[in-house]
Amino acid sequence: MGNLLWIFASAMVINNFTLAYFLGLCPFFGVSKKIDTAFRLGLANIFVMTITSVCAWFLNNYVLIHAPYLRVMTFIVVIASTVQFVEMAIKKLSPALFKALGIFLPLITTNCAILGLALFQTNRGYSFIEGISFALGAGAGLTLALVLMAGIREEAEISDLPDVIQGAAQAFLIAGILSLAFMGFAGLFSGA
Amino acid sequence: MASDKKGAGPFRLIATLGLAGLFSGLVLVTVYLATQPLILENQAKALEAAIYQVVPGSETRKAYVVEDGKLVPFNAQGNNLPSGDAVFAALDAQGKLVGFGIPSEGAGFQDTIKLIYGYNPENKRVTGMQVLESRETPGLGDKIIKDLNFLSNFENLAIEPEVVSVAAGSKKNENEVDSISGATISSKAIVKIINSGNSKYLSLISALMESEEKP
Amino acid sequence: MADQSKLYRETVKGLWKENPVFIQLLGLCPALAVTNSAINGVAMGGATTFVLVGSSILVSLFRNLIPKQVRITSFIITIATFVTVADLTLQALLPAIHKELGAFIALIVVNCLILGRQEAFASRNKLPYAIGDAAGMSVGFTFALVILGGIREILGSGTLFGFPLFGESFEPWVIMILPPGGFLTLGVLLIIFAQFKKSRARKALVRLEKEAA
């Protein structure tokens, strides 16, 4: 149990995917202008990551044992198609949920955070449950980073900055400071 | 693009992807077969170097894997390494057992730390420790990898009742480890990881040695 | 057969004017994740160059044979193949570098720079231009990575390509080789570039006004 909690917390805050591993930067900078959108994108990420983790575990244990060199290729193809299937299913079963998350699903399918999750999970040899815990933690971490970023940028929008700092440079500096703040979470579970 | 004229039939689509897949598969298999021996050799070399360092006097090694709560010899084909839980018996040039290399891992300050330590079952002491993988803070926590004073703690370390970490410079008993000042948490993590390796493998190792003495 | 001046233009545009990292802000994940030393920048740049040039050659050669509906899938298969080849080769020949870069080699697959060049350029242009474009973009990308890695290594470890630069008394800014250093370095570089561009535009404006007067 302690191990699952450590995996979750490590993926969520200590080694936050975006702020410590630089994964999923495109949506982090692209879709982080409004808190509401950022939050929904984050939820969609948690969702896709959980599916990814299940897919990756299944592939690693039943398909790729004899052909590890096909890992990258298989991960991409299988994850992309599974997400597409799930997308169709949601559209049919729960139009409300689809409306909330739907537009983001194709966008994040081949996001590096998703493939990164599958690869890290493989490298670290996580079990099925550990993988799910890792996916939930990583997804929650992305959501947290996206929402924080969006919140700060909404404020920064109305502040008076020199024009050379506006745009990308400003976003990078904010991300740098956030990343610095997140370093404070290190050691969260290793004390005592 | 020629495909601008619409109507590439389904057969053409499947054929294109099929050919691309076939070609890519051929390339990958060829490269895999060519590189695999080298990759396994690299991994085995890295692991052997670590074992020979943490168990002084050892020159060959034998892998044991955990099966049904017992250590059984791992039948390696070529340079293959066991993928699950395993310990490595370290033998000297005459083939006499001089100790065990025990891999273990656990939470560090920043991320999971993986290490291997040497264990001498004769006098029940740790004989050396090497960190294999860590992302501890450069300049502070990463001293656990290269700080010679810290590493010397593990060269003749009693493990009973358990390994304990103490403040820098206050080591008195043989089961105590001087922490690195400025990297207390990382030092403690190493001690914790060694203790967890001990509780996982020591009983298995003594069972193995008993069964090997009276075959 | 290839038009020299067009070839030249397509090749050099990636070096600075359309630099993938500094101007287009593409491929940021590898650009920030592995650049805590200059040598890592070179390694990641090299691997990306191999994948980008290799896929561009294939995509350009077969551009008339690939039906439009499956082009993205074909591109991805091509890219994934080259990435796996690079991954295995590095693991076999340079295990130390491979350990350092870890999963980020495999993540080259999702570097948007590479797929972007296939879709926007290689699949629409003749082979020589495609090679020029890919080579230019790769050099620009590697250049950016080495700059980022160099700055971070100098400040964060006091070394460059592993050689110590300062005396014993230098206290390294450890933060520069940690994740925040990546964001901050790129942010500050972008500000410097923007300032540079602004002052150049102002000078050009002054010159124009003088000529008009």
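With farther than 28 Å from C:PHE104 by Cβ and in contact (Cβ under 8 Å) with a residue 24 or more places away in the chain as the only criterion, which of A:GLY151, A:GLY139 stands out?
Being farther than 28 Å from C:PHE104 by Cβ and in contact (Cβ under 8 Å) with a residue 24 or more places away in the chain holds for just one of A:GLY151, A:GLY139, which is A:GLY151.
Just checking, does segment A:78-87 include any residue being in contact with a Gly (Cβ under 9 Å, 6 or more places away or on another chain) and either surrounded by 16 or more Cβ atoms within 10 Å (Cβ to Cβ) or in a helix (DSSP H, G or I) (or both)?
yes
Mind listing whichever residues of segment C:146-182 are under 16 Å from the mean Cα position of the chain (by Cα) and within 13 Å of chain A (Cβ to nearest Cβ)?
Result: C:LEU148, C:GLY182.
Any idea which of (1) modelled with pLDDT under 90; (2) closer than 30 Å to C:PRO179 by Cβ is the one C:LEU94 doesn't satisfy?
(1)
Inside segment A:137-161, can you point out the residues that are among the hydrophobic types (A, V, I, L, M, F, W, C), under 11 Å from A:ILE35 (Cα atoms) and over 12 Å from the mean Cα position of the chain (by Cα)?
The answer is A:VAL147, A:LEU148, A:MET149, A:ALA150, A:ILE152.
Are there helices (runs of 4 or more DSSP H) fully within segment C:20-109 with at least 1 residues that are surrounded by 24 or more Cβ atoms within 10 Å (Cβ to Cβ) and more than 11 Å from every other protein chain (Cβ to nearest Cβ)? List them.
C:38-61
Given the criterion out of contact with any Leu (no Cβ under 9 Å at 6 or more places or on another chain), among the aliphatic types (A, V, I, L, M) and exposed (fewer than 15 other Cβ atoms within 10 Å of the Cβ), identify the matching residue among C:LEU160, C:LEU115, C:LEU208, C:LEU145.
C:LEU208
If a residue has to be more than 10 Å from chain C (Cβ to nearest Cβ) and in a helix (DSSP H, G or I) to count, how many in segment B:34-60 make the cut?
Qualifying residue count for the region: 9.
Say we look at segment B:25-49 and pick out the residues that are β-branched (Val, Ile, Thr) and buried (at least 18 other Cβ atoms within 10 Å of the Cβ); which of these is nearest to B:GLU59 (Cα to Cα)?
B:ILE39
Which condition number does A:ASP36 fail, the rest of (1) in contact with a Gly (Cβ under 7 Å, 6 or more places away or on another chain); (2) within 30 Å of C:GLY187 (Cα to Cα) being met?
For A:ASP36, the exception is condition (1).
Quickly run through segment C:185-205 and pick out the residues that are surrounded by 11 or more Cβ atoms within 10 Å (Cβ to Cβ) and of a type in the set (D, E, K, R).
C:LYS197, C:LYS198
Which condition from (1) over 13 Å from the mean Cα position of the chain (by Cα); (2) over 30 Å from B:PHE109 (Cβ atoms) is the one that A:TRP6 breaks?
(2)
Could you go through segment A:50-63 and let me know if any residue there is assigned to a helix (DSSP H, G or I), within 11 Å of chain B (Cβ to nearest Cβ) and not polar (S, T, N, Q).
The answer is no, given that none of the residues of segment A:50-63 is assigned to a helix (DSSP H, G or I), within 11 Å of chain B (Cβ to nearest Cβ) and not polar (S, T, N, Q).
Answer with yes or no whether A:ARG71 is crowded, with 20+ Cβ neighbours inside 10 Å, basic (Lys, Arg) and touching a residue at least 12 places away in the same chain (Cβ under 8 Å).
Against the criterion (crowded, with 20+ Cβ neighbours inside 10 Å, basic (Lys, Arg) and touching a residue at least 12 places away in the same chain (Cβ under 8 Å)), A:ARG71 qualifies.
Among helices (runs of 4 or more DSSP H) lying entirely in segment A:91-192, which contain 1 or more residues that are within 14 Å of another protein chain (Cβ to nearest Cβ), surrounded by 13 or more Cβ atoms within 10 Å (Cβ to Cβ) and out of contact with any Phe, Trp or Tyr (no Cβ under 7 Å at 6 or more places or on another chain)?
Fully inside segment A:91-192 and qualifying: A:104-109, A:112-123, A:128-157, A:168-182.
Say we look at segment C:4-19 and pick out the residues that are buried (at least 19 other Cβ atoms within 10 Å of the Cβ) and polar (S, T, N, Q); which of these is nearest to C:VAL174 (Cα to Cα)?
C:ASN19
Report, ordered by the first and then the second residue, all pairs with beta carbons closer than 6 Å, sequence separation of six or more or different chains, a first member in segment B:140-165 that is outside any strand (DSSP E or B), and a second member that is among the hydroxyl-bearing types (Ser, Thr, Tyr).
Listed pairs, sorted by first residue: B:GLY141/B:SER186; B:ILE144/B:SER186.
The values are calculated or read from the model by the stated rules, or taken from the named source; none is laboratory data. The structure displayed is predicted, hence computed values, not measured ones. Here Cβ is always computed from backbone atoms with ideal geometry, including for glycine, and neighbour counts include all displayed protein chains.
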